[in-house]
Amino acid sequence: MLDSALSGLPSGGAYALVGVAVVLLYRLAGVMSIAVSVFGAFGAFVMVASFDRGLSLGLAVPLGIVAGAVLSAAMGLVMAWLFPDSDAITRSVVTIGMAITLLAVSSRLFGDTPRSFPPLFPGSSFTVSGVVVTATNVLAVVLAIVLAGALWLLLHSTRIGVRMMAMSSRPVSAELLGVPLGLYTVAVWATGGAVATIAPILAAPTRQADFTSLSLLVVPGLAAALLGAFRSFTLTVLAGLGIGVLEALAVRWEAISTYRNALPFLVILVVLMWAQRAEVWDDAR
Amino acid sequence: MSPLLEITGLNVARSGFEIVNNVDLVAPAGEVTVLLGSNGAGKTTLLEAVSGVIPCAAGSVSLEGEYITSMRRGKRARRGLAHVEQGRTVFPELTTEENLLVAAPKTALGPAFDLFPSLEKRRHVKSGLLSGGEQQMLVLARAIVGSPKMLLLDEISLGLAPVIIQDLMPVVRRLADSGIGVLLVEQFAELALDIGDSALVLSRGKVVFNGSCEKLRSSPELLQGAYLAGADPEDEPAQTGGS
Ligand SMILES: Nc1ncnc2c1ncn2[C@@H]1O[C@H](COP(=O)(O)OP(=O)(O)OP(=O)(O)O)[C@@H](O)[C@H]1O
Ligand SMILES: [Mg+2]
């Protein structure tokens, strides 16, 4: 039982990280970004493609993360240049358009067949009171917590973070005080892209890894972000890990295991219904 | 030497309506230039065009002799132009101190608390929870810590108790005396004229008076005439409510 719960951690960590990227872009760039996990999948495929061509893992992983970040930064540049004063809906639609385009381009570039991703720490594991813990499991949890924590610290205890929050609250007023909106927007997108690339690199070795499925990490990621009310990094990380573990546990029951991919949808549905009834979402927003 | 802020032949349109029409204005350093006019005359629109919130349709704006007419807002700000917008635009979820940090690093916040000692006590309170007067002090302080050369103030007295306004006006005067150029838009014409140097009256987007504050103060009929002209119901631009 505990074994299979733990086996859900790499996926859970990935959901948490995508969720964190979604929350980051929602809070600081004012965009509900479906595209961010497509950038992440692209970065992950750059990583695996360069690994297959003989690059060492230690170089391929950073290369992939940079690729995802650069692609996402380019999206940020488009936002800052062409849609600086547009509303959230317009900008979100632009990112969806971008996501669809990139999906089409990538399926030509990388094909639709699943790739086998190298595990980050092949074979290393240890046993704690009879339960096998792999290094990947630990890494998933640690990475999700550390990255979310670092972002929280950046936002709440540095001047750049304060200026970024001002930018998201009143962009025009912030700019009138000298905040470089364009630069910050690109930086936020780049960070979101980097975080969203780490997610599939973490989870791909343990699951179906074609381009489309990795892009769809955004669905559980959105569920996690929703549970964090699109604000809280802590709740988002907990929710992401929780969904991963639940999914893994669902494998054990024959009757529901075929439907376990629908779990994030179920979470989204339940949260939305509950939120509507309880009307607790107003102050969270 | 060119004046600190110089506006020539400025036209500004909003949703196709010409709101500011062929305005010339000079605001020197160390002086308070008062901009008066009835509701909807185009005062806010004029300030917004100067700071880049909205684009100019024609004419030019220059700061210390440099054209800033189509410069990005952030760049204008970094050149020393500060715009205190109408309506107390604090960042509500940030604390008083964080609001100031948006404009300047922590080491430069001293002047804010020298200017408004009462803000010191509210340093770590979310600015959304401050009183109207405190919020107004905050947005003013926030503009000051960036050590601007030119300050655009849009109705900083709006919605405040008369005693607070009477405290605020001398602060504006002192800022000008320290060498900053101030362009002051104010509902309370008399209070503004008391501390100002020169004055302009805007009526339906046009300058109808340009002279010394003293002159305007001593001839109330001039002032009243200008306000009445603005209130003329005929062919007034559509009032969309809110500014
Ligand atoms: N977004 C907009 N679209 C079209 N017209 C606008 C818009 N905003 C303001 N206006 C119009 O522009 C005119 C000038 O507005 P502005 O806010 O500049 O006046 P104001 O002198 O600052 O008035 P107040 O004293 O009420 O602040 C008004 O007639 C107003 O209805
Ligand atoms: Mg106004």
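The values are calculated or read from the model by the stated rules, or taken from the named source; none is laboratory data. Everything numeric here is computed off the predicted structure, so don't read it as measured data. Here Cβ is always computed from backbone atoms with ideal geometry, including for glycine, and neighbour counts include all displayed protein chains. Each accessible area value is taken on the protein alone, full model and side chains, heavy atoms only, with ligands, DNA and RNA left out. Shrake-Rupley method; radii C 1.70, N 1.55, O 1.52, S 1.80 Å.
Looking at the square roots a ≥ b ≥ c of the eigenvalues of the Cα gyration tensor of the stretch A:39-171, which shape do they give, rounded for a/c under 1.5, prolate if a/b is larger than b/c, or oblate?
Judged from the Cα gyration tensor, the stretch A:39-171 comes out oblate (a/c at least 1.5, b/c at or above a/b).
Using a 1.4 Å probe, how large is the accessible area of B:MET150, given in Å² and rounded to the nearest 10?
That residue has around 0 Å² of solvent-accessible surface.
Which value in nm describes the separation of the simple spin-label points at B:LYS75 and A:VAL105, placed 7 Å from the Cα toward the beta carbon?
2.8
Net charge within 10 Å of B:ALA176 by Cβ-Cβ distance, Lys/Arg positive one each and Asp/Glu negative one each, not counting B:ALA176 itself?
-1
Mind grabbing the accessible area of A:ILE145 for me, 1.4 Å probe, Å², rounded to tens?
Taking all protein chains as shown, A:ILE145 has close to 100 Å².
Averaged over A:165-173, how many beta carbons belonging to a partner chain fall within 10 Å of each residue's beta carbon?
Mean shielding by partner chains, rounded to a whole number: 6.
Per residue, what accessible area does the protein assembly as shown have, given a 1.4 Å probe and all protein chains present, in Å²?
Per residue, the protein assembly as shown has an accessible area of 44 Å².
Say a paramagnetic label sat at a point 7 Å from the Cα of A:ARG252, along Cα to Cβ; which residues of the stretch A:11-38 have their backbone N under 19 Å from it?
Correct set: A:11-13.
Sorting B:ILE7, A:ILE65, A:ILE160 by accessible area (1.4 Å probe), largest first, what list results?
The ranking, largest first, comes out as A:ILE160, A:ILE65, B:ILE7.
Just order B:76-88, A:219-231 by mean Cβ neighbour count inside 10 Å, highest at the front, would you?
A:219-231, B:76-88
What average count of beta carbons from other chains do you get within 10 Å of the Cβ of residues in B:74-87?
3
Helix A:263-278 sits at what angle to the longest principal axis of chain A, using alpha carbons and giving 0 to 90 degrees rounded to 10?
That helix lies at roughly 50 degrees to the long axis.
Relative contact order (percent) for chain A, with alpha-carbon contacts under 8 angstrom and 6 or more residues of separation?
It comes to 39 percent, rounded to a whole number.
In the structure shown, do any of B:LYS106/B:LYS149; B:LYS43/B:LYS121; B:LYS149/B:LYS206 have a Cα-Cα gap over 31 Å, and if so which?
B:LYS43/B:LYS121, as the Cα separations exceed 31 Å there.
Relative to the longest principal axis of the C-alpha atoms of chain A, give the angle of the C-alpha long axis of helix A:57-82, reported between 0 and 90° and rounded to the nearest 10°.
On a 0 to 90 degree scale, this one is about 30.
Using protein chains only and a probe of 1.4 angstrom, how many square angstrom of B:LYS206 are accessible, to the nearest 10?
Here the residue's solvent-accessible area equals roughly 110 Å².
Per the 1.4 Å probe, what fraction of the accessible area of chain A, in percent, lies on carbon and sulfur atoms?
With neighbouring chains kept in place, the figure for chain A is 69 percent.
Return the single residue from A:SER129, A:SER72, A:SER11 with maximal mean-square fluctuation; model: Gaussian network over chain A, springs between Cα atoms under 10 Å.
Most flexible of the set in this elastic network: A:SER129.
Hey, any idea what % of chain B's accessible area is carbon plus sulfur with a 1.4 Å probe?
52
If you count, for every residue in A:179-188, the Cβ atoms of partner chains within 10 Å of its Cβ, what is the mean?
The shielding value for this peptide is 2.
By DSSP, what percent of the beta bridges with both residues in the protein assembly as shown are antiparallel, rounded to the nearest 5?
Roughly 60 percent of the DSSP beta bridges within the protein assembly as shown come out antiparallel.
Over both sides of the A-B contact, add up the buried accessible area with a 1.4 Å probe and give it to the nearest 100 Å².
What A and B bury together is about 1900 Å².
Could you state the angle between the C-alpha long axis of helix B:162-177 and the longest principal axis of the C-alpha atoms of chain B, as a value from 0 to 90 degrees rounded to the nearest 10?
Computed tilt is about 90 degrees.
Whole number please: convex hull volume per residue of the Cα set in the stretch B:86-147, in Å³?
Taking the convex hull of the Cα positions in the stretch B:86-147, it is 71 Å³ per residue.
Grab the DSSP H runs of chain B that are 4 residues or longer, score each as -39,500 (n - 2.57), total them, divide by all residues and round the 222 nm result to the nearest 500 deg cm²/dmol.
So the calculated ellipticity at 222 nm is -10500 deg cm²/dmol.
Provide the FRET efficiency to the nearest 0.05 for the B:ALA161-B:LEU222 pair, computing r from the beta carbons and using R0 = 30 Å.
Once the sixth-power term is evaluated, E becomes 0.55.
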